[in-house]
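Undergrad: The following block contains the structure, expressed as structure tokens.
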Amino acid sequence: MNIQKSLDKLNKEIFLAMSSHDTNTPSESKKVVKILDQMREEGYSIIMGNSESNYSIGELRVIEKLLAWITQIMYANSLKIKEFELRADEADPEIYDQQIKDAVDGLKTYRGLHPDGIAFFKIHNNAIMLKCSPYFIFEERIMYKTGLIIPGKAELGDFNFY
């Protein structure tokens, strides 16, 4: 498979991972990691871009929507836990379940609107570069889904900075 097709497949798989209901969990996407490993075997380095490798305005709009829903899921889950801690038997987590459901539905909708995903990675010389996002939470989620951050550890995995 040529590098552009591999890159397109990688970007699509990242989009699917980032728009899944479990985006807020710090676990890697097996499909994404497999593609990245294959690219490494072909001799490509995986690097982190700098601020000059940002997304287009259209891509940022997609990222902002995904980020809003990811954050809503994270926040509703934390409120649900607090509800049980504070109210125990009288807890009513259903209101938070509806917020989570709304966010998951939003993620699914955006999957349909952007079936090919957006360009999270691009080719830079003989490297595959992860474009820098202005949103820390979003960038962190991408690094978890790609396996570039190892859950429970402060260090990055096999990853170079540009």
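The values are calculated or read from the model by the stated rules, or taken from the named source; none is laboratory data. This one's a predicted model, so the numbers in the text were calculated from it and none came from an experiment. Cβ atoms come from the backbone with ideal geometry, glycine included; neighbour counts cover every protein chain shown.
Undergrad: With respect to TYR96, determine if the residue is touching a Leu at 6+ places or on another chain (Cβ under 6 Å) and either farther than 30 Å from ARG40 by Cβ or surrounded by fewer than 17 Cβ atoms within 10 Å (Cβ to Cβ) (or both).
TA: Here the answer is yes, as TYR96 does meet what is asked.
Undergrad: Also, I was wondering about something else. Since LEU36 meets every condition but one in (1) of a type outside the set (S, T, N, Q); (2) buried (at least 17 other Cβ atoms within 10 Å of the Cβ); (3) closer than 29 Å to GLU13 by Cβ; (4) at pLDDT below 90, which condition does it not meet?
TA: (4)
Undergrad: If I go through region 101-137 residue by residue, how many of them are over 19 Å from ASP22 (Cα atoms) and without any contact (Cβ under 8 Å) to a residue 40 or more places away in the chain?
TA: Number satisfying all stated conditions: 2.
Undergrad: Let me ask something else about it. Would you confirm, using the coordinates I've provided, whether TYR135 is aromatic (Phe, Trp, Tyr) and out of contact with any Ser or Thr (no Cβ under 7 Å at 6 or more places or on another chain)?
TA: Here the answer is yes, as TYR135 does meet what is asked.
Undergrad: Condition first: farther than 20 Å from TYR135 by Cβ and surrounded by 13 or more Cβ atoms within 10 Å (Cβ to Cβ). Now tell me which residues in region 41-56 satisfy that.
TA: Residues satisfying the conditions are TYR44, SER45, ILE46.
Yes or no, residue by residue, for (1) closer than 19 Å to MET39 by Cβ; (2) surrounded by fewer than 16 Cβ atoms within 10 Å (Cβ to Cβ); (3) modelled with pLDDT under 85:
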site	(1), (2), (3)
ALA119	yes, no, no
LYS122	yes, yes, no
ALA127	yes, no, no
LYS131	yes, no, no
PHE136	no, yes, no
GLU139	no, no, no
ILE149	yes, no, yes
ASN160	yes, yes, yes
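Undergrad: Can we say TYR55 is touching a strand residue (DSSP E or B) at 6+ places or on another chain (Cβ under 6 Å) and of a type in the set (Ser, Thr, Tyr)?
TA: Considered against the rule, which asks whether it is touching a strand residue (DSSP E or B) at 6+ places or on another chain (Cβ under 6 Å) and of a type in the set (Ser, Thr, Tyr), TYR55 comes out as no.
Undergrad: Considering each residue of region 57-70, count those that are surrounded by fewer than 16 Cβ atoms within 10 Å (Cβ to Cβ) and over 11 Å from HIS114 (Cβ atoms), and give that number.
TA: Of the residues in region 57-70, 3 are surrounded by fewer than 16 Cβ atoms within 10 Å (Cβ to Cβ) and over 11 Å from HIS114 (Cβ atoms).
Undergrad: Going by what's in this entry, would ILE142 be described as within 26 Å of GLY43 (Cβ to Cβ), in contact (Cβ under 8 Å) with a residue 24 or more places away in the chain and either in a helix (DSSP H, G or I) or charged (D, E, K, R) (or both)?
TA: Considered against the rule, which asks whether it is within 26 Å of GLY43 (Cβ to Cβ), in contact (Cβ under 8 Å) with a residue 24 or more places away in the chain and either in a helix (DSSP H, G or I) or charged (D, E, K, R) (or both), ILE142 comes out as yes.
Undergrad: Are any of the residues in region 75-85 within 17 Å of the chain's Cα centre (by Cα) and closer than 17 Å to LYS145 by Cβ?
TA: The answer is no; no qualifying residue exists.
Undergrad: In this structure, is GLN98 touching a residue at least 40 places away in the same chain (Cβ under 8 Å) and not basic (Lys, Arg)?
TA: no
Undergrad: For region 118-136, name all the residues that are under 24 Å from GLY43 (Cβ atoms) and in a loop (DSSP other than H, G, I, E, B).
TA: Hits for region 118-136 are ALA119, PHE120, ASN125, ASN126, LYS131, CYS132.
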